[in-house]
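*Asks:* Once you've had a glance at the structure underneath, I'll fire off some questions.
The values are calculated or read from the model by the stated rules, or taken from the named source; none is laboratory data. All figures in this text were calculated on a predicted structure; none of them were measured in a lab. No Cβ is skipped: glycine too gets one built from the backbone with ideal geometry, and neighbour counts run over all protein chains shown. These area figures cover heavy atoms from the full protein model, side chains too; ligands, DNA and RNA do not enter into them. Shrake-Rupley method; radii C 1.70, N 1.55, O 1.52, S 1.80 Å.
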Amino acid sequence: MNWLYGFTYLVGICLSVSPLYAQSSLKDLQQIQLLSQEECIIVQVNADWNFSASLDLNGLNNCVWFNASIDDKEYGAIIANEWKVVSVPTIIMFEYGKEVKRFEAGLSFNLDKNKIIKAIKDEIDEIQLRKFQ
């Protein structure tokens, strides 16, 4: 239940960021836990030793995105457990706090950049369309 309070705090921080797009590294557990109130959030979870496999998500619009490290002493183990991260990198998309899409690396610890970016953009479009339904 404590993670829910932190999620609420994180959303407040996220709301202070541009609603159209943003990139940042997660700073603390409270910031992570606030994701639940934002319309579209993407969290790329990776490990410090695998940083080179992270995807550049700078071109994404209409969605706030963050990088998170499972090696972070404060929140790493918690997000790995809460979000059931079994390989890195893992990209998780949330719509108002509910997971809507997940992309996980295989044994290579890499993601297919072109395929993943296209799938993410398609899902962002779907989230935007749901606003009008």
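*Asks:* For region 81-133, enumerate the residues that are of a type in the set (A, V, I, L, M), closer than 15 Å to TRP65 by Cα and either open to solvent by 30 Å² or more (accessible area, probe 1.4 Å) or touching a strand residue (DSSP E or B) at 6+ places or on another chain (Cβ under 6 Å) (or both).
*Replies:* ILE91, ILE92, MET93, VAL100, ILE116, ILE124, ILE127
*Asks:* Oh, and also: Identify, by number, the condition in (1) open to solvent by 20 Å² or more (accessible area, probe 1.4 Å); (2) on the phi < 0 side of the Ramachandran plot; (3) touching a Cys at 6+ places or on another chain (Cβ under 8 Å) that ASN62 doesn't meet.
*Replies:* (2)
*Asks:* Tell me, which residue of region 83-133 that is assigned to a strand (DSSP E or B) and either of a type in the set (Lys, Arg) or free of Cβ contacts under 8 Å to residues at least 24 places away in the same chain (or both) is farthest from ALA47 (Cα to Cα)?
*Replies:* LYS98
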